[in-house]
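Note sheet for the following structure.
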């Protein structure tokens, strides 16, 4: 009897004994502590966060068998099943980098492989996984949910656009593919929509001038689209989706391995939309009809002595048109029914080759050919552009100095049927520009301090010598706090007709007052990164102050004469300044939040008059909420953005349209079901709030050729009973897409 009582008294103690689970979490390949990593016991709904040394402790754990989940921002979640806790347990874990690691290697800021945290230049990373949160047919739309980056539509008719960064217009943002200037000139307007998500490994974004390393156009910042490494790509991948507007997007990828040291990736993207809609009743298509295909093939080679080489090629074709609902191809180029029809053909080749020498010397090269056959109403625009680029890079380590030398050379050929290339004989002659250069960069690491100094000299065959210095400084207080300071000079050669769609569409006359000089600017950026542990949660904070001062800036003047677009060198100065904040929340339960906001002020002062340029907002915000139910294979993504008011181009003082856009937001919801065989089914709703711009955004849409507009001897519009507001046809009053709420459904399959 006494033995039975003793057993009964011991059993409750054994059953409810409290134990401790402790250990250390590090990052694979670096042996760095995973500060802020979340450790969560699923059955108990409790957890903790790793400290600055990666150590964690969870107390008061009853005896049992548990499932342990360890997550770290942008890393794959590590799941430890059947973890037996009968006594105090000490267990260490190593988190794999995966494709989405926060501290993965970045190359854009310094042209050198360096971890994101160690880079003296702040670099934002957008992974393919992030793009999947709101499926879109091109990278142009995918960047809508990146803080400080805004895809801007430039025409209500053909829906072309560019990418604004920190309030600066699209031509100030340089777009690279694998570090090479493939998207510029003509493709600044029409090439962005042709970059499919299927070939993207990640996107690296640098805000602020990068002209020292990348030359002209990298004034406001740059976007480097890094394509997939064939050796790491899945054997087969497919992503197909459609929306209730009956547009279709197909992405296919196939990996080929013809040899042990050779691998290849073939990607095909096809997008089609052929059902005209006019929901706002203005007589014009709300969304441009498009039929485009992009074929991409990349090869990578492993060479002796750990050297490597790669070569890639892409072909892109697009047929797009927008205009009056009764337009067809028989009206192309005529003045009966208005339509904007663009045929685009583009070829690209790019590659790199590590020379078979002891030093680390790499040859990078690219070539692109872009042909455009287009008409805007009855105005034809035929253009041909070819860009060749090559540079040698010498990467040299000398003690605490990490040196980089480069000898870039860029050749640009451009010809069209506009005044841009018309000579005194009345004929069009192709314009050829040669741009050789040299740059040097020295990155010095002294304990917690990193100092980067760089300088570049270019000789432009039209504009002469151009010098661009830069300086970057980073101080790492500890594992949780990093501050960076970047100062640099930017320059840009203006290519008016290839970059500004407004110069071609509508009825405004283009006036170029004088020869346009290169735009020049100075920029300063202070960046602060902090990791905060709050209980069992982790918060990543990334804040920046930025300031850009232009000594010459060329912007279209819509207001001096409502019937003209005037381009002239700046007689004064322009400023873009602001503050941005990014927040990453990592909870012990499967909820991840990314949020950010940017407040900015952009103005131009000329002849003593200060004004804000059109289509520049004062604030933007983005967010992404993701929640995953692992057992059921379900995940939920809620993404959105919000934009402050922008000044819009009016045609006269009597123009009845609003002078400023409203505060507007695009929000999306997606539900994804994952299966064990690599299949994913996803669907949801885009533009939940059903926001669309005003229905009268296109001025005088009923008279696109201004046949019923009266002009005086000075070319000014005269008020008449049929035109009391003195308007002409103009589709440049645009700030948001015309697509309202719509559903989407898709399927994604990956075979590894």
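The values are calculated or read from the model by the stated rules, or taken from the named source; none is laboratory data. The structure displayed is predicted, hence computed values, not measured ones. No Cβ is skipped: glycine too gets one built from the backbone with ideal geometry, and neighbour counts run over all protein chains shown.
In segment 657-669, which residues are surrounded by fewer than 18 Cβ atoms within 10 Å (Cβ to Cβ) and under 30 Å from residue 722 (Cβ atoms)? 657, 658, 659, 660, 662 - these are the residues of segment 657-669 that are surrounded by fewer than 18 Cβ atoms within 10 Å (Cβ to Cβ) and under 30 Å from residue 722 (Cβ atoms).
Here 214, 270, 316, 248 are screened, and the one residue that is touching a strand residue (DSSP E or B) at 6+ places or on another chain (Cβ under 8 Å), assigned by TED's automatic domain parsing to the domain that holds residue 459, under 28 Å from residue 164 (Cα atoms) and crowded, with 20+ Cβ neighbours inside 10 Å is 316.
So for segment 552-562 (the condition being farther than 21 Å from residue 734 by Cα, part of a strand (DSSP E or B) and at pLDDT 85 or above), does at least one residue qualify? For segment 552-562, residues farther than 21 Å from residue 734 by Cα, part of a strand (DSSP E or B) and at pLDDT 85 or above: absent. Might you let me know whether segment 106-129 holds any residue that is surrounded by fewer than 24 Cβ atoms within 10 Å (Cβ to Cβ), assigned to a helix (DSSP H, G or I) and either modelled with pLDDT of 85 or more or assigned by TED's automatic domain parsing to the domain that holds residue 206 (or both)? The answer is yes, given that some residue of segment 106-129 is surrounded by fewer than 24 Cβ atoms within 10 Å (Cβ to Cβ), assigned to a helix (DSSP H, G or I) and either modelled with pLDDT of 85 or more or assigned by TED's automatic domain parsing to the domain that holds residue 206 (or both). The residue list 337, 375 contains one member that is assigned to a loop (DSSP other than H, G, I, E, B), in the same structural domain as residue 302 (by TED's automatic domain parsing) and more than 16 Å from residue 412 (Cα to Cα), which is 337. Summed over segment 712-749, the residues that are surrounded by fewer than 18 Cβ atoms within 10 Å (Cβ to Cβ) and at pLDDT below 90 give a count of 5. Taken together, 286, 335, 319 contain a single residue that is more than 29 Å from the chain's Cα centre (by Cα), closer than 25 Å to residue 697 by Cβ and at pLDDT 90 or above, which is 335.
Is one or more of the residues making up segment 646-656 crowded, with 18+ Cβ neighbours inside 10 Å, part of a strand (DSSP E or B) and touching a residue at least 40 places away in the same chain (Cβ under 8 Å)? Break it down into steps so the answer makes sense when it comes.
Step one: of segment 646-656, the residues crowded, with 18+ Cβ neighbours inside 10 Å are 646-651, 655.
From what's left, part of a strand (DSSP E or B): 646-647.
Adding the requirement that they be touching a residue at least 40 places away in the same chain (Cβ under 8 Å) leaves 646.
Yes: segment 646-656 contains one or more residues that are crowded, with 18+ Cβ neighbours inside 10 Å, part of a strand (DSSP E or B) and touching a residue at least 40 places away in the same chain (Cβ under 8 Å).
Of the residues in segment 743-750, none is farther than 24 Å from residue 155 by Cβ and in a loop (DSSP other than H, G, I, E, B). Inside segment 670-690, can you point out the residues that are buried (at least 17 other Cβ atoms within 10 Å of the Cβ) and either in contact with a helix residue (DSSP H, G or I) (Cβ under 7 Å, 6 or more places away or on another chain) or not in a strand (DSSP E or B) (or both)? Within segment 670-690, 687 is the sole residue that qualifies.
Given the structure, is residue 79 in a strand (DSSP E or B) and out of contact with any helix residue (DSSP H, G or I) (no Cβ under 9 Å at 6 or more places or on another chain)?
For residue 79, the condition - in a strand (DSSP E or B) and out of contact with any helix residue (DSSP H, G or I) (no Cβ under 9 Å at 6 or more places or on another chain) - is met.
When you check residue 499 against the structure, is it modelled with pLDDT of 65 or more, within 30 Å of residue 383 (Cα to Cα) and either assigned by TED's automatic domain parsing to the domain that holds residue 71 or within 27 Å of the chain's Cα centre (by Cα) (or both), yes or no? No: the conditions fail for residue 499.
Residue 349 - would you say it is under 26 Å from residue 270 (Cα atoms), part of a strand (DSSP E or B) and more than 28 Å from the chain's Cα centre (by Cα)? Answer is no for this residue. The requirement of being without any contact (Cβ under 8 Å) to a residue 40 or more places away in the chain and in the same structural domain as residue 462 (by TED's automatic domain parsing) is satisfied by residue 363. Residues that are surrounded by fewer than 19 Cβ atoms within 10 Å (Cβ to Cβ) and either part of a loop (DSSP other than H, G, I, E, B) or at pLDDT below 70 (or both) within segment 89-101 comprise 91, 92, 96, 97, 98, 99, 100, listed in sequence order.
Just checking, which of 384, 395 is within 26 Å of residue 445 (Cβ to Cβ), assigned by TED's automatic domain parsing to the domain that holds residue 288 and part of a strand (DSSP E or B)? Only one candidate passes the filter, namely 395. Filtering 452, 446, 435, 404 for residues that are loosely packed, with under 13 Cβ neighbours inside 10 Å and touching a residue at least 40 places away in the same chain (Cβ under 8 Å) leaves a single hit, 446.
For segment 356-372, filtering for residues that are surrounded by 15 or more Cβ atoms within 10 Å (Cβ to Cβ) and either assigned to a loop (DSSP other than H, G, I, E, B) or touching a helix residue (DSSP H, G or I) at 6+ places or on another chain (Cβ under 9 Å) (or both) leaves 4.
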